[in-house]
Amino acid sequence: VVGIELLQDQVEHGLVEHILHICTHFSNLIKVSERVVVRHDAGGALVRILPLLRRDQRNEVVVELGKGLEMGQYQISKYIPEYLGRAALFLRPSELDEQVLWLKNLLGSPTNIAVSGALNTVGVLLQHYPAYRGRFPEPERAYEARRQELLGLLLQGLAHYRPTVRQEALLVTGKLLYESPVLPMEEKARLFALSYRKLLFLIHEAPVQDDGLTFFYRAAALAHINRFIALRRLDKGPFAFSQPRKIAFFPGTFDPFTLSHKGIAHAIREMGFEVYLAVDEFSWSKKPQPHMIRRQIVNLSIAGDFHIHLFP
């Protein structure tokens with residue numbers, strides 16, 4: 001720990017010729033140090049001195065830190081998301097978009113630990129995202145679209161077919177977003193107004209055969225959300241929700257739900273509609289997969305798309 005403080009002190013007092021090596025050293029300590037205190041101190045020091053690096057060097061350090069998540073080893077990846085999420089917000093918009101795309105691909109990993117690491121990183125990114133607005137000039141629309149994409153990735157975790165991933169998504173949603181001491185109340189309210197309908201539906205749509213542990217994860221997440229709602233209403237009064245949009249029903253067998261189906265749903269949404277996909281229970285003309293399996297595929301496909309819903 002004294003060594004970390006000494007290196008950080010040298011950088012902050014102008015010794016910048018070895019700064020990339022120092023940041024890489026801190027990155028390695030987060031991944032492999034045997035002591036938890038050392039990992040946290042190295043992570044905090046890395047986040048503080050990262051802005052002093054050049055643009056290409058920052059990207060190099062963040063990519064190197066992210067490789068620890070891909071390993072799928074809990075001992076290595078457990079502490080990475082907290083510092084990876086904060087460090088990624090010092091990247092330029094184009095590089096941050098690459099990181100978001102990488103996280104999206106990591107959510108498709110067959111390893112539960114890698115997916116859990118990605119979900120936690122998304123949670124940390126959302127938690128500290130308001131600070132990004134003042135760091136780099138970019139259109140408000142691009143800033144808002146990235147926030148929606150990150151929130152969509154978290155919602156995809158709630159719709160996942162593996163119980164472990166759903167549990168982690170519930171934990172991140174409750175603990176890192178709505179119980180966060182970092183995220184301002186207004187930012188939480190903005191995220192809630194965007195995703196409340198999706199949250200309610202995805203929690204109800206979860207398979208009945210979930211193990212008993214999911215029950216407690218769900219209860220904890222709902223307790224955090226309920227506490228946030230109560231505090232927000234006490235401080236600021238009722239929520240301001242947007243006016244209901246026009247409704248469009250899109251029925252079909254969806255065997256399977258394809259990118260073309262998704263494209264049609266997006267096109268209808270862009271015309272100003274709230275889209276409801278109604279999955280037919282059976283078909284006279286073909287032999288589709290079981291109804292609940294088709295529902296689950298559609299649910300997972302559209303979980304991160306706002307204003308597109310599976311018909312209850």
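Using the Karplus equation 6.51 cos²θ - 1.76 cosθ + 1.60 (θ = phi - 60°), what ³J(HN,Hα) coupling, rounded to whole Hz, does each residue of the range 140-149 give in order, writing x for Gly and Pro?
Ordered by residue, 3J(HN,Hα) equals 4, 5, 5, 4, 5, 5, 5, 4, 5, 5 Hz.
Looking at (1) 20.9, 71; (2) 21.3, 76; (3) 19.4, 69, which value of Rg and Dmax of the Cα atoms in Å comes from a calculation on the structure shown?
Answer label, from the structure shown: (2).
Looking only at Cα atoms, what is the convex hull volume of the range 1-95 per residue, in Å³? Could the numbers behind the result be given before it?
Numbers: hull volume 7.7 nm³, N = 95.
In the range 1-95, the Cα convex hull volume per residue is 81 Å³.
First compute the accessible area of the range 85-206 with a 1.4 Å probe, then give the percent of it belonging to carbon and sulfur atoms.
57 percent
Would you mind getting me the FRET efficiency between N28 and E98? Use the beta-carbon distance for r and R0 = 22 Å, nearest 0.05. Could the numbers behind the result be given before it?
On the way: r = 22 Å, r/R0 = 1.01.
Efficiency, from the Cβ-Cβ distance: 0.50.
Please build a GNM for the chain, connecting alpha carbons under 10 Å apart, and tell me which residue among R245, R295, R146 fluctuates the most.
Maximum among the listed residues: R245.
Karplus couplings for the range 283-299 from phi (6.51 cos²θ - 1.76 cosθ + 1.60, θ = phi - 60°), rounded to Hz, Gly and Pro as x?
So the J values, rounded to whole Hz, are 9, 6, 8, 9, 9, x, 5, x, 4, 5, 5, 5, 4, 5, 5, 4, 4.
Using alpha carbon centroids, what distance separates the range 131-181 and the range 48-66, in Å?
First find each Cα centre; the distance between them is then 22 Å.
Can you list residues whose amide H is under 5 Å from H309's amide H, if they're 5+ apart or on another chain and H is modeled 1.01 Å from N?
V275, Y276, L277
Over the alpha-carbon set of the range 169-231, work out the extent along each principal axis and list the three values in angstrom, largest first.
For the range 169-231, the Cα spread along each principal axis is 36, 20, 18 Å.
For the range 125-235, what does the accessible surface come to per residue with a 1.4 Å probe? Please give it in Å². Numbers along the way, then the final one.
Values: 5440 Å² over 111 residues.
On a per-residue basis, 49 Å².
For the range 214-312, with all protein chains present and a 1.4 Å probe, just round the carbon and sulfur fraction of the accessible area to a whole percent. Could the numbers behind the result be given before it?
Numbers: 3910 of 6210 Å².
Carbon with sulfur: 63 percent of the solvent-accessible area.
What ³J(HN,Hα) values, in whole Hz, does the Karplus curve 6.51 cos²θ - 1.76 cosθ + 1.60 give for the range 107-118 when θ = phi - 60°, with x put for Gly and Pro?
So the Karplus estimates, Gly and Pro as x, are 5, x, 5, x, 8, 4, 5, 5, 5, 4, x, 5 Hz.
Would you work out which of G3, I49, A87 lies farthest towards the positive end of the dipole of the range 1-148, given +1 charges on the beta-carbon of Lys and Arg and -1 on that of Asp and Glu, about the Cα centre?
A87
The values are calculated or read from the model by the stated rules, or taken from the named source; none is laboratory data. Bear in mind that the values here come from a model prediction, so they are computed numbers and not experimental data. With ideal geometry, Cβ positions are generated from the backbone for all residues, glycine too; neighbour counts draw on all protein chains shown. Keep in mind that these areas ignore ligands, DNA and RNA; they rest on the heavy atoms of the full protein, side chains included. Shrake-Rupley method; radii C 1.70, N 1.55, O 1.52, S 1.80 Å.
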